[in-house]
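Chemist: Submitted below is the structure of interest, expressed as structure tokens.
The values are calculated or read from the model by the stated rules, or taken from the named source; none is laboratory data. Source: prediction; values computed, not measured. Cβ sites come from the backbone with ideal geometry, for glycine too, and all protein chains shown count toward neighbours.
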Ligand code: TMP
């Protein structure tokens, strides 16, 4: 597979979407053929699955349904958007990917991590990020920053979100080459500067 697959990860309110979009615009402006996607979402069907997953009224959803819906959404976006873009030698920036499932359903909900990785490989056909930016922010800061109505996942308690963050730190410790931990700075431009430096070094992009 040619192309370059870059994912962004982090707990609630870490500024991941803003930062990943800033990087997308930067790479586009530098002439790189770049695609921006988010998970769950990124295709018509995946966006519909996203609505089901995040609707706070679906409080009765079981952990197994939740896991498989995230995976179904992923199967669709990999097949419709990620794989074709990588085959066309593009840079794909994705706001969340399999590490989210390992952190939120694995470490957060206590589901079997090996099983998650197994299903993850099945749905992605083995596509893995070349590089992952983990934006790290203490849970209290992230959760308090949100003004809109909280979704089904955001409503989970503090201990849950702590497990998610600790889970990410474990993922990063296990795969330090792929996963770069970037501490979120109050100044968005500072955080973006650190991300760009990291990407340019790791992915050997010429700017
Ligand atoms: P977002 O708000 O960052 O777009 O992500 C949607 C929510 O879904 C967020 O709370 C994290 C959660 N999530 C999972 O629990 N498992 C997953 O596999 C993914 C991709 C997201």
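Chemist: Among (1) more than 22 Å from residue 185 (Cα to Cα); (2) within 13 Å of the ligand (Cβ to nearest atom); (3) within 17 Å of the chain's Cα centre (by Cα); (4) surrounded by fewer than 21 Cβ atoms within 10 Å (Cβ to Cβ), there is one condition residue 139 misses while meeting the rest; what is its number?
Modeler: (1)
Chemist: Can you give me the number of residues within region 122-136 that are away from the ligand (no atom under 14 Å from the Cβ) and out of contact with any strand residue (DSSP E or B) (no Cβ under 8 Å at 6 or more places or on another chain)? Show your work before the answer.
Modeler: Quick first cut of region 122-136, residues away from the ligand (no atom under 14 Å from the Cβ) only: 122, 125-128, 130-131, 136.
Checking which are out of contact with any strand residue (DSSP E or B) (no Cβ under 8 Å at 6 or more places or on another chain) leaves us with 122, 125-126.
Within region 122-136, residues that are away from the ligand (no atom under 14 Å from the Cβ) and out of contact with any strand residue (DSSP E or B) (no Cβ under 8 Å at 6 or more places or on another chain) number 3.
Chemist: Hey, can you tell me all the residues within region 155-171 that are surrounded by 15 or more Cβ atoms within 10 Å (Cβ to Cβ) and over 19 Å from residue 116 (Cα atoms)?
Modeler: Across region 155-171, the qualifying residues are 156, 162.
One line per residue, one yes/no per condition, for (1) near the ligand (Cβ under 10 Å from one of its atoms); (2) closer than 16 Å to residue 103 by Cβ; (3) out of contact with any strand residue (DSSP E or B) (no Cβ under 6 Å at 6 or more places or on another chain):
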| residue | (1), (2), (3) |
| --- | --- |
| 34 | no, no, no |
| 41 | yes, no, yes |
| 44 | no, no, yes |
| 48 | no, no, yes |
| 51 | no, no, yes |
| 54 | yes, no, yes |
| 58 | no, no, yes |
| 68 | no, no, yes |
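Chemist: Could you grab the pairs with beta carbons closer than 7 Å, sequence gap of 6+ or different chains, first residue in region 6-21 and over 25 Å from residue 89 (Cβ atoms) and more than 10 Å from the ligand (Cβ to nearest atom), second one modelled with pLDDT of 90 or more and not in a loop (DSSP other than H, G, I, E, B)?
Modeler: Correct list of pairs: 15/135; 15/188; 15/191; 18/188.
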